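Read-outs: derived from the displayed coordinates by stated rules, not from any lab. Keep in mind it's a predicted model, so treat the numbers as computed, not measured. Cβ: placed from backbone, ideal geometry, glycine included. Neighbour counts: every protein chain shown.
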Amino acid sequence: MADPKPFPLPDLNHEATAPLWQAAARGQFALPHCGDCGTLHWYPIGQCRQCHGTKIAWTPLSGRGKLFSWAVVKRALHKPLAPIAPYVSAIVVIDEDHLTRFVTRLIDCDPAMLHIGMAVEVRFVDLGYPALETGIRAPLFAPCITDGG
Ligand SMILES: [Zn+2]
């Protein structure tokens with residue numbers, strides 16, 4: 001019998017999202033940006049959701065945003081993630097475009113202290129699931145150190 005399928009890691013060569021992983025490897029948080037109207041996009045679809053323009057280019061951003069929503073996962077549904085539970089899955093509104101929301105994981109936080117609108121910032125962290133070293137730097141988010149509340 002074959003080994004069980006490992007945790008599904010991101011496909012670094014997937015055309016739509018490869019620039020995200022390439023930027024993260026350089027320590028940059030970048031998203032697709034419309035050259036016609038300036039809208040940022042996540043998830044990339046190759047066309048602007050506002051003006052339907054196709055002049056899309058990946059743009060480095062500040063990596064700062066606000067917490068839009070989150071869920072504390074106390075019991076991982078996938079066994080390789082069990083050692084990191086509880087963990088926080090989150091949606092972050094990007095500071096440069098408040099209509100753009102990025103799905104990520106919050107780290108270095110006390111889930112009891114989270115609140116909507118909390119200032120957060122990107123941290124580039126090896127996915128490093130406990131049972132698997134990945135070498136993949138992921139754009140995770142954490143509360144801003146300078147955030148007063
Ligand atoms: Zn546009």
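Side notes on the structure shown:
- Placing unit charges on the Cβ atoms only, positive for Lys and Arg and negative for Asp and Glu, gives the chain a dipole magnitude near 280 debye about its Cα centre.
- Using a cutoff of 8 angstrom between alpha carbon atoms and counting only pairs six or more residues apart, the relative contact order for the chain works out to 19 percent.
- Normalised per residue, the volume of the convex hull around the Cα set of segment 79-149 (Å³): 100
- Sorting Asp95, Asp36 from the fewest to the most surrounding beta carbons within 10 angstrom yields Asp36, Asp95.
- Overall form of segment 3-56 per C-alpha gyration tensor (a/c, 1.5; a/b vs b/c): prolate
- Least to most buried among Val120, Val125 (fewest other Cβ within 10 Å first): Val125, Val120
- Gaussian network model of the chain, Cα within-10 Å springs - most flexible of Arg105, Arg137, Arg75: Arg75
- Full extension of the chain between Ala82 and Leu132 gives 16.8 nm of extra length, using 0.36 nm per residue less the Cα-Cα distance.
- Considering only Pro111, Pro32, Pro19, the mean-square fluctuation computed in a Gaussian network model of the chain, springs between alpha carbons under 10 angstrom, is largest for Pro111.
- Over segment 1-110, the reciprocal of the mean inverse Cα-Cα separation, the Kirkwood hydrodynamic radius, stands at 15.8 Å.
- Amide H partners (placed H, <5 Å) of Ser69, local residues excluded: Ile91
- Computed from the C-beta positions of Leu12 and Cys51, the FRET efficiency with R₀ = 25 Å rounds to 0.25.
- Thr54, Thr17 arranged by Cβ crowding within 10 Å, fewest neighbours leading: Thr54, Thr17
- Per-residue HN-Hα couplings for segment 74-82 [Karplus 6.51, -1.76, 1.60; θ = phi - 60°; Hz; x = Gly/Pro]: 8, 10, 5, 7, 10, 3, x, 8, 3
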